[in-house]
Structure formats: structure tokens, C-alpha cells
1. Restricting attention to region 34-51, and to residues there that are without any contact (Cβ under 8 Å) to a residue 12 or more places away in the chain and in a helix (DSSP H, G or I), which single residue is least open to solvent (accessible area, probe 1.4 Å)?
2. Could you tell me how many of the residues in region 1-18 are part of a helix (DSSP H, G or I) and open to solvent by less than 30 Å² (accessible area, probe 1.4 Å)?
3. Restricting to region 34-55, name every residue that is among the hydrophobic types (A, V, I, L, M, F, W, C) and over 10 Å from the mean Cα position of the chain (by Cα).
4. For GLU66, indicate whether it is open to solvent by less than 50 Å² (accessible area, probe 1.4 Å) and over 10 Å from the mean Cα position of the chain (by Cα).
5. Just to check your reading of the model, which residue among THR26, THR59 is open to solvent by 90 Å² or more (accessible area, probe 1.4 Å) and of a type in the set (Val, Ile, Thr)?
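The values are calculated or read from the model by the stated rules, or taken from the named source; none is laboratory data. Everything numeric here is computed off the predicted structure, so don't read it as measured data. Note that we place each Cβ from the backbone using ideal geometry, even for glycine, and neighbour counts take in every protein chain shown. Heads up: the accessible areas ignore ligands, DNA and RNA and are worked out on the full protein's heavy atoms, side chains in. Shrake-Rupley method; radii C 1.70, N 1.55, O 1.52, S 1.80 Å.
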Amino acid sequence: MKMMRLRLNELMHERGLNPRQISSMTGIRWNTVSDMAENKSKAWSPENLNKIMMALELTDITQLIEYKKEQE
């Protein structure tokens, strides 16, 4: 089965950031950022995705979202 998932945790790790710092940069509640980073969120708002992309200076949505086979 294939699934979409956020790469937010990897991106934060690469940049030395944590959910509270992303929250501060975007205005998104830190626990929402944490849930998104851990792929616990069932839905992502386009507004939040846009804020994260702007904060992390991403230029393509595929840098943030990946579509891959679900781990068994």
C-alpha cells in the first residue's frame, strides 16, 4: 500500500530545528507541528503546509511531502 507522508521531521533534523522553533517561525501551534513531524496528523491544511514551506525556504512541495510504500 502507498501513502503520503511529510518529511518535516527529516527537514527539521537537517536544519537543527525543533517543533517549538518551527511553531515560532510559522505561527502554527507547536503540538500541531509535532504531530505533523511525526506523521500523526490525519489531514494537513494547505495554509500550514504553505507556512512551513516558506519558513524552511522550500521551493517544491515534493521537498515536504513524499509518496512511498507503507512500511509493514
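1. ASP35
2. Going through region 1-18, the residues part of a helix (DSSP H, G or I) turn out to be 8-15.
Filter once more, so that each one left must be open to solvent by less than 30 Å² (accessible area, probe 1.4 Å): 8, 11-12.
Of the residues in that region, 3 qualify.
3. Step one: filter region 34-55 for residues among the hydrophobic types (A, V, I, L, M, F, W, C), giving 36-37, 43-44, 49, 52-55.
Passing the criteria: ALA43, MET54, ALA55.
4. Working: open to solvent by less than 50 Å² (accessible area, probe 1.4 Å): yes; over 10 Å from the mean Cα position of the chain (by Cα): yes.
The answer is yes for GLU66.
5. Values: THR26 fails: open to solvent by 90 Å² or more (accessible area, probe 1.4 Å).
None of the other options fit; the residue is THR59.
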